[in-house]
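A short write-up of the structure that comes next.
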Amino acid sequence: MPQVFSLPFKDRDAHPLAGVTVIQIIPGLEANPTARAAIEIAAALGAAGARALVACAGGRMKGELQAKGGVFVPFPSRTRNPLAMALNVRRLARLIAAEQADIVHVRSRALAWVAYGATRLTKTPFVTTFPSVHQGSNPIALRYNSVLARGDAVLADSNFTAALIAKAHFPVAGKIRVVHDGLDCHVFTPDAVAPARVQAARRHWKAAPDERIVLLAAPTRPGSGHKILIEAAGLLSRSGLAGVKFIVARDRGENSALDRGIDRAIATEGLQGIMHRTGPCDMPAALLAASIVVVPATEARAFGDAAVQAQAMGTPVIAANLAAAPETVLAPPMVEESARTGFLVPPGNAAALALAIARVLSLGATASGKISLRAKKHVETCFSAEHMCAATLEAYVDVRRGGARCSQDLPACRTPVRW
């Protein structure tokens, strides 16, 4: 169903982007965060009276894009061949001219090199999104990533990322603004999850009716902190904790080397009876079925979306305090206790994670309920798809006017929510 966006203008004709054509260039329209963001922004542009084109190689979400008012433009966006990329510069320049595009927005590094060349040829405003996963300290990585810092406006996915960009690419500091990734709060909300879906998740985990679930839902990559949770579960088990099951939900189902390593670590700790590894699941239902969601990442790029998703569902979150975690999960000393939305622990510290799990499990209904309400409000205010789209469209407006406000000039999105 199309989203309805609350834009700061009384009607479509009054919006500064009315009649403007924006081309977003992405690798493809598969089910991933990049494609979903492009579709949401296309819908918001349509609501503002603008024309939204998405140039890519296609994919199964093409129908959703068109249903939400976006226009699909076939483009060979998946190539990494230098010669093909050079040809794509001219191809994109012709597309920009033919469609009379006013703004080009890109998120992929390889496509950014193509878009950078094409927009310089056509003198078209160029907007980039610089995600935290594109970090790098060696000269080759810095050079490759630098194209995302060459936009007329550079959208960072967190204040943490904005600081990294400003440090590594100092001349662009004044063009950076923070636009958090957007979550579909119509999907990740308790009201959208039927009780049968929650029951199905618990049956899949073979959880008893009175068992509480500690859930780690993380991408399939090193650095997600699986072994930290296993060590913490071992500490809690040996301390006498009962009635708790630990679930490691993976994003892929194959038996990878990482999966086998997790299984061996579970066996070494003697946790086969209370800790299980599962494959992909109905994530909103799984988060709602859990008593706690843990994000014990040991690397910034492995942090993922689970902390935001869990807070949207009102499930208590314990996350490793690294990268953008203090923006995602509000906790002392960054905010007062009355503004807490979750819990932060030192990364790589199994003992601290175990203590935090024990603390959250011991919370009373009133204290837990207040944290859940603040967490849901925090996500709605700062991490919703509507907020992402409104902030992105503001960036487009500023670029059209010939400048981009620095992130320090923008309204803060970390104001604590009090109850």
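Values for this structure:
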| item | result |
| --- | --- |
| Estimated FRET transfer efficiency (ALA86, ALA196; beta-carbon r; R0 56 Å; 0.05) | 0.55 |
| Given 13 as the ceiling on other Cβ atoms within 10 Å, longest exposed-site-free region of the chain for trypsin sites (Lys or Arg not before Pro) in DSSP loops | 253-400 |
| Segment LYS206-ALA18, extension gain: residue separation times 0.36 nm, minus the distance between their alpha carbons | 62.4 nm |
| Alpha-carbon centroids, the stretch 73-120 and the stretch 227-299: separation in whole Å | 43 Å |
| Percentage, to the nearest whole number, of Cα pairs in the stretch 245-404 over 27 Å apart | 31 percent |
| Helix 350-361 vs. the chain, principal-axis angle (Cα, 0 to 90°, nearest 10) | 80 degrees |
| Gyration tensor over alpha-carbon atoms, the chain, equivalent ellipsoid semi-axes in Å | 39, 23, 21 |
| Rough spin-label spacing in nm, given labels placed 7 Å along Cα→Cβ, for ARG60 and ASN321 | 4.1 nm |
| Relative contact order of the stretch 190-382, defined on C-alpha pairs under 8 angstrom at six or more residues apart (%) | 23 percent |
| Sites matching GluC sites (Glu not before Pro) across the stretch 208-281 that sit in DSSP coil, with at most 13 neighbouring C-beta atoms within 10 Å | GLU254 |
| Highest-fluctuation residue, ILE228, ILE26, ILE262 considered, GNM on the chain with Cα pairs under 10 Å | ILE262 |
| Simple Cβ-charge dipole of the stretch 190-382, Lys/Arg +1 and Asp/Glu -1, about Cα centre, in debye nearest 20 | 280 debye |
| Positive-pole candidate from SER362, GLN272, VAL293, dipole of the stretch 190-382, charges at beta carbon | GLN272 |
| Label point at THR381 placed 7 Å out along Cα→Cβ; residues across the stretch 338-368 whose backbone nitrogen lies under 14 Å | 338-342 |
| Cα-projected label distance for ALA267 with ARG221, points at 7 Å along beta-carbon direction, nm | 2.9 nm |
| Crossing angle, helix 159-168 versus the chain [Cα axis fit, 0-90 degrees, rounded to tens] | 60 degrees |
| Burial ordering of LEU164, LEU393, fewest other beta-carbon atoms within 10 Å first | LEU164, LEU393 |
| Student exercise, the stretch 198-268 dipole from Lys, Arg, Asp, Glu Cβ charges, in Debye to nearest 20 | 40 debye |
| Most fluctuating residue given options THR315, THR268, THR189, as computed from a GNM of the chain linking Cα atoms under 10 Å | THR268 |
| Estimated [θ] at 222 nm from DSSP helical runs (n ≥ 4, -39500 (n - 2.57)) normalised by residues in the chain, nearest 500 | -12500 deg cm²/dmol |
| Ratio Rg/Rh [Cα only; Rh per Kirkwood] for the stretch 208-248 | 1.02 |
| Acute angle (nearest 10 degrees) that the helix 257-268 long axis makes with the longest principal axis of the chain, alpha-carbon atoms | 20 degrees |
| Of ALA192, ALA115, ALA217, the one that fluctuates the most in a GNM where the chain has Cα springs shorter than 10 Å | ALA192 |
| Charged-residue dipole, Cβ positions (Lys, Arg, Asp, Glu), the chain about Cα centre, Debye nearest 20 | 740 debye |
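Quick note: the coordinates plus some simple rules give every number you see, no bench work behind them. Here the structure is a predicted model, which is why all the values come from computation and not from measurement. Heads up, the Cβs are rebuilt from the backbone with ideal geometry, glycines too, and the neighbour counts pull from every protein chain shown.
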